[in-house]
Amino acid sequence: MVLSESKSMKEVDTSTIDSIFASRYVQASLPKWSLPANETPKDATYQVIADELMLDGNPRLNLASFVTTWMEPECDKLMQQALNKNFIDMDEYPITTELQDRCVNMIARLFNAPVEEGQTAVGAGTVGSSEAIMLAGLAFKRKWQLQRKAAGLPHDKPNMVTGANVQVCWEKFANYFEVEIRAVKLHEDYYVMDPEKAVEMCDENTICVCAILGSTYNGEFEDVGTLNDLLDKKNKEKGWNIPIHVDAASGGFVAPFLYPDLVWDFRLPLVKSINVSGHKYGLVYAGIGWVVWRAKEDLPEELIFHVNYLGADQPTFTLNFSKGASQVIAQYYQFIRLGFEGYTKIISNCAQNAKTLADSILAIGRFKLLSKPQGVPLVAFSLKDNTKYDEYQIADGLRRYGWTVPAYTMAPDAQAITLLRVVVREDFSRSLADRLVTDLKRTLDMLDAQPPKLVQAVVESLHEQSPELADSDKSVEEIKKATTERGVSFHESVKKQADEHHKRKHAKAHKKHSIHKTNGVC
């Protein structure tokens, strides 16, 4: 057992890590913010870090994330064997490079790119959809600029159109690369981009319109087909050539297997590029995304770098250089291991589990669904009546049972809607879904037993108004009587303060929990 120096709470130095039982070799605390002066034995180092990591959440119970949290042991083994491979060393690891090219071609054909037999598709592996989106956006911006320059027209004010429900990486792209983003606002009962409004916002400086196949908020697919038709008509009327990009980060590995007849991809002539996350429903651990273009001419050649690195000419179009090869190998493993049939079975099972969960949540009688039957396998729901407690309190209550279920508000102009979201991944079994519903009911029972949040707000407001009551155990009625005797209008002054209290509390909760512009998962 490790010996640690005894300290009082006042003497504890928070700049060190106390080692309670990490190893018999560790006799003193380790520094947090500076490099240790001496070595630490490997077993002790392992145990110290493992002890701290125990306080992390359980990835499989993290229902906020779309990212894959389980893979087969055989794939884990392949990934471990490739941990020391730098993917950029293409000449040294030619097979790994070829596996990426095979993945690009498989994805392009899955998305119905017009690639003839024997032709090579145009695309790239990335560290996630965020990088893929940056690359696609840069291609649109550069192609628009080249066309404007050739026509002798101004090319300094590009813009792009998308829904207000867009993932934060699009806002990053617009900010980093100086492109105005024009967002179509949402409204109650319509939580995705309206194609008609999107087309109305386009002009000659629009580099692309981005449609989302699987909204981060409620999993809903946007109507890419209608957008294509409306934009095609607008282009012909105005003499424009505005293309479409489909952000299929979440839905790209869902739609082809669940909804093969849904036309959203390269079957639509204006769709020029698509991104998809291999680490979501592509079923690979975090760290892999893909971007594919319709044809070679849709990716300007001047954006491609030909690097003579370690003896070989390497064409590359990425925002980074070195990266691990493991995720690329894992993606290829999943494609070969599962094939179309395997992916269809897994995604269909996810969808069925999501439906069963949704039915069970509806059966409780307290909630309404905001997710749609056609979309990413998830369940988004909100309280019918949130006057007694709200979705944030439910999310906090579920954490007591180990579940991470996000509560957040919708995008502009539907911020008044607060919802909870459960992403159903491959490793979220029917039994786990049943357990979640059980724990959700327990959380509701616990919250039902507490005073309504309005009463709590009234008491807190009265305490703020009357400091002498701050330490009081008096009931609301007793406080009401006391304040009335002092000539204070209970219903007027307290209601005003309670309203202000709610606004502050909601603003704080929104800042902490909202996925918009803060913690969107790619």
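The values are calculated or read from the model by the stated rules, or taken from the named source; none is laboratory data. Note that the structure is a prediction, hence the values are computed from the model and not measured. Here Cβ is always computed from backbone atoms with ideal geometry, including for glycine, and neighbour counts include all displayed protein chains. Accessible surface areas use protein heavy atoms only, side chains included; no ligands, DNA or RNA. Shrake-Rupley method; radii C 1.70, N 1.55, O 1.52, S 1.80 Å.
Per the Kirkwood treatment, what hydrodynamic radius in Å, one decimal, follows for the stretch 123-204 from the mean inverse distance over all distinct Cα pairs?
Working: mean 1/r = 0.0715 Å⁻¹.
Result for the stretch 123-204 stands at 14.0 Å.
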Which entries of Lys345/Lys368; Lys143/Lys172; Lys388/Lys441; Lys384/Lys441; Lys141/Lys172; Lys197/Lys234 have Cα-Cα distances beyond 18 Å here?
Lys345/Lys368; Lys143/Lys172
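What Kirkwood hydrodynamic radius do you get for the stretch 176-294 when you take the inverse of the mean 1/r over all pairs of distinct Cα atoms, in Å? Provide the component values of the computation, followed by the final result.
Details: mean 1/r = 0.0666 Å⁻¹.
Mean inverse Cα-Cα distance, inverted, gives 15.0 Å.
Would you calculate the convex hull of the Cα atoms in the stretch 216-355 and tell me its volume per residue in Å³?
Details: hull volume 21.1 nm³, N = 140.
In the stretch 216-355, the Cα hull volume divided by residue count equals 151 Å³.
If you build the convex hull over the alpha carbons only and average its shadow over all orientations, what do you get for the stretch 64-155? Give it in nm² to one decimal.
Working: hull surface 40.4 nm².
Seen from a random direction, the Cα hull of the stretch 64-155 projects 10.1 nm² on average.
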At 1.4 Å probe size, with every protein chain present, just tell me what the per residue accessible area of the stretch 303-445 comes to in Å².
43
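Any idea what the dipole of the stretch 323-451 comes to, in debye rounded to 20, about its Cα centre with Lys/Arg Cβ at +1 and Asp/Glu Cβ at -1? Please list the in-between numbers first.
Working: 17 positive and 13 negative charges, 50 e Å.
Charge dipole, the stretch 323-451, about its Cα centre: 240 debye, nearest 20.
About the Cα centre of the stretch 189-309, what is the dipole size in debye to 20, counting +1 per Lys and Arg Cβ and -1 per Asp and Glu Cβ, all else neutral? It would help to have the intermediate numbers written out before the result.
On the way: 10 positive and 19 negative charges, 74 e Å.
That gives a dipole near 360 debye.
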In the stretch 177-279, what GluC sites (Glu not before Pro) fall in a loop by DSSP, with at most 16 other Cβ atoms inside 10 Å?
Glu178, Glu188, Glu204
Diffing the stretch 45-59: the Karplus 3J(HN,Hα) column from phi (6.51, -1.76, 1.60, θ = phi - 60°), in whole Hz with x for Gly and Pro, holds 4, 4, 5, 4, 5, 4, 4, 5, 5, 4, 7, 5, x, 7, x
